[in-house]
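One structure is given here, and the rest of the page talks about it.
The values are calculated or read from the model by the stated rules, or taken from the named source; none is laboratory data. The structure presented is a predicted model; accordingly, all values stated were derived computationally and were not measured. Please note: Cβ atoms are built from the backbone with ideal geometry, for glycine as well, and neighbour counts cover all protein chains shown. The area values use the complete protein model at the heavy-atom level, side chains included, leaving out ligands, DNA and RNA. Shrake-Rupley method; radii C 1.70, N 1.55, O 1.52, S 1.80 Å.
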Amino acid sequence: QVQLVESGGGRVQAGESLSLSCAASGSSFTIDSMGWYRQTPGKQRELVATITRGGTNYADSVKGRFTISRDNYKNTVYLQMNSLKPEDTAVYYCNLQIVGPEVFNFWGQGTQVTVSS
């Protein structure tokens, strides 16, 4: 059973920084992708950033401010968020994807990030 444990959310002022981490356990398969998504009330969950062996991918809204990284030995993914804006306020979810005959997605429990102006 894959488990994702997130940490690092909180409340900050605009312009400040936060770092999120997500540790994965229980997977005996090769992890194809790890990443972060976010969701606000009444809206669909949206991609923030993903990282694969091929590289990284960012939403346009966070490019240049957020950095995703991964420790393959620890199966942990990080999200460094700088120059935070009030519109970054959301619940952030860690995602792990395994691609085989089917695509399997696993999600963390979510961590709240609140940015006040």
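Annotations
- Flag if VAL103 is on the phi < 0 side of the Ramachandran plot, in contact (Cβ under 8 Å) with a residue 60 or more places away in the chain and open to solvent by 50 Å² or more (accessible area, probe 1.4 Å): no
- Tally of residues being surrounded by 13 or more Cβ atoms within 10 Å (Cβ to Cβ), assigned to a loop (DSSP other than H, G, I, E, B) and at pLDDT 95 or above across region 41-91: 8
- Filter result (part of a strand (DSSP E or B) and under 15 Å from ILE68 (Cβ atoms)) within region 5-22: GLU6, LEU18, SER19, LEU20, SER21, CYS22
- Subset of region 23-40 that is of a type in the set (Ser, Thr, Tyr) and assigned to a strand (DSSP E or B) - its residue that is nearest to the chain's Cα centre (by Cα): TYR37
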